[in-house]
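Peer 1: Here's a structure for you.
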Amino acid sequence: MTELPKITQEMIDLYDEFTHVTNDRTAFMRRLTALAGSPERAERIAAMIAANMAAAGLVAEDDPRIRTETVTFADAMTGYLAQPATASGRLAAVMVVHENRGLVPHIRDVVRRLALEGFLAFGPDFLSPLGGTPEDEDKGRDMIAKLEAPKVTAHAVTAVRWLKSHPKSNGKVGAVGFCWGGGVVNRTAVAAGADLIAAVPYYGAQPPAADVPRIKAELLLHYAGNDERINAGIAAYREALAAAGVKHTIYMYEGAQHAFNNDTSEARYNKAAAELAWSRTIAMLKRTLA
């Protein structure tokens, strides 16, 4: 049996810099090779840290308990909609905002997980204006970098209001976002006003403190202990939320990495943290959107 290479925090931080700052794979692999000792070990480590698009989801695409479809909601924006197959009456609605690679299979799986919990769940593809999410994740990150934040936020607010008025919706909408999507959810909480009831950003970039008083949603904020880049903004955000009287709860998952919820990443997924955060997320959404 081939011994698995040891993955250090420095390697994970290097990957985080590559995927969120430089998007320069050549420079990343050169520096990773220096840490790993050989190109072969560097390739294996990179694969273990990265998300695996081919990994099986927790809820199959053809699960008979849910119904799914691809829809167009505004300005040629598309998304993935899922709901319980046998639900009667109107449902609480949840927007799911993807990471910085687009609406990949893992995020579609998260949408299906929410549908199994009884929600009308919707994952917009924020790369729709550029042709939609590609199969190549490096290309997806490059495309994400070309998006303009104000336009992304406007599309997110449009998605929230589309869900609010959907025939199957009870008119109460929440939002969950991961990584890049966590930052989008924070900004959407600012911009959507009372149209957004609950917001759950996972390790997402915080909005400017001056914008925080505009937030009307209740916030549940999940952070990873080993995530210096994102965690640097927590203190100011906490202070601004308290000063504005915004109802919020902050959880720090010590020892967890950025993207700890993504179960397609062998090295960064933290099962205990992910399951605890998910249970808290579902409980909060059911309480606030009922």
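Okay, residues lined up against (1) at pLDDT 95 or above; (2) outside the structural domain of D227 (by TED's automatic domain parsing); (3) at positive phi; (4) of a type in the set (V, I, T):
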residue	(1), (2), (3), (4)
G171	yes, no, yes, no
V176	yes, no, no, yes
C179	yes, no, yes, no
G182	yes, no, no, no
A192	yes, no, no, no
A199	yes, no, no, no
Q206	yes, no, no, no
D211	yes, no, no, no
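Peer 1: Kindly evaluate A267 against the criterion of being in a loop (DSSP other than H, G, I, E, B) and under 19 Å from the mean Cα position of the chain (by Cα).
Peer 2: It is true that A267 is in a loop (DSSP other than H, G, I, E, B) and under 19 Å from the mean Cα position of the chain (by Cα).
Peer 1: Somewhere in the range 10-18, is a residue among the acidic types (D, E), buried (at least 18 other Cβ atoms within 10 Å of the Cβ) and assigned to a helix (DSSP H, G or I)?
Peer 2: yes
Peer 1: Another one. Name the residues in the range 270-290 that are crowded, with 18+ Cβ neighbours inside 10 Å and more than 30 Å from R90 (Cα to Cα), would you?
Peer 2: Correct list: N270, A273.
Peer 1: Among residues belonging to the range 23-45 that are among the polar types (S, T, N, Q) and out of contact with any helix residue (DSSP H, G or I) (no Cβ under 7 Å at 6 or more places or on another chain), point out the one that is modelled with the lowest pLDDT.
Peer 2: Filtering the range 23-45 for residues that are among the polar types (S, T, N, Q) and out of contact with any helix residue (DSSP H, G or I) (no Cβ under 7 Å at 6 or more places or on another chain), the one modelled with the lowest pLDDT comes out as S38.
Results for (1) within 15 Å of the chain's Cα centre (by Cα); (2) surrounded by 19 or more Cβ atoms within 10 Å (Cβ to Cβ); (3) of a type in the set (F, W, Y), shown as yes or no for each residue.
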{"residue": "K146", "(1), (2), (3)": "no, no, no"}
{"residue": "K164", "(1), (2), (3)": "no, no, no"}
{"residue": "G181", "(1), (2), (3)": "yes, yes, no"}
{"residue": "A189", "(1), (2), (3)": "yes, yes, no"}
{"residue": "V212", "(1), (2), (3)": "no, yes, no"}
{"residue": "G233", "(1), (2), (3)": "no, no, no"}
{"residue": "R238", "(1), (2), (3)": "no, no, no"}
{"residue": "A244", "(1), (2), (3)": "no, no, no"}
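Peer 1: Give the residues of the range 27-65 that are surrounded by 16 or more Cβ atoms within 10 Å (Cβ to Cβ), assigned to a loop (DSSP other than H, G, I, E, B) and within 20 Å of the chain's Cα centre (by Cα), sorted by residue number.
Peer 2: Within the range 27-65, A50, N52, G57, V59 qualify.
Peer 1: Moving to a separate point now. Quick one: which residue in G181, G140, G132 is part of a helix (DSSP H, G or I), touching a Gly at 6+ places or on another chain (Cβ under 8 Å) and over 29 Å from T288 (Cα atoms)?
Peer 2: G140
Peer 1: Same structure, new question: One residue is enough: does the range 97-106 have a residue meeting the conditions surrounded by 15 or more Cβ atoms within 10 Å (Cβ to Cβ), out of contact with any Leu (no Cβ under 8 Å at 6 or more places or on another chain) and assigned to a strand (DSSP E or B)?
Peer 2: Taking every residue of the range 97-106 in turn, at least one turns out to be surrounded by 15 or more Cβ atoms within 10 Å (Cβ to Cβ), out of contact with any Leu (no Cβ under 8 Å at 6 or more places or on another chain) and assigned to a strand (DSSP E or B).
Peer 1: Filter the range 247-262 for residues that are in contact with an Asp or Glu (Cβ under 9 Å, 6 or more places away or on another chain) and either buried (at least 21 other Cβ atoms within 10 Å of the Cβ) or closer than 18 Å to G57 by Cα (or both) and give the result.
Peer 2: A256, Q257, H258, A259, F260, N262, listed by residue number.
This table checks each residue for (1) surrounded by 20 or more Cβ atoms within 10 Å (Cβ to Cβ); (2) in a loop (DSSP other than H, G, I, E, B); (3) within 17 Å of the chain's Cα centre (by Cα).
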{"site": "A159", "(1), (2), (3)": "yes, no, yes"}
{"site": "P167", "(1), (2), (3)": "no, yes, no"}
{"site": "V173", "(1), (2), (3)": "yes, no, yes"}
{"site": "Q206", "(1), (2), (3)": "yes, yes, yes"}
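The values are calculated or read from the model by the stated rules, or taken from the named source; none is laboratory data. If you're wondering where the values come from, they're calculated on a predicted model, not measured in any experiment. Note: ideal-geometry Cβ built from the backbone for every residue, glycine included; neighbour counts use all protein chains shown.
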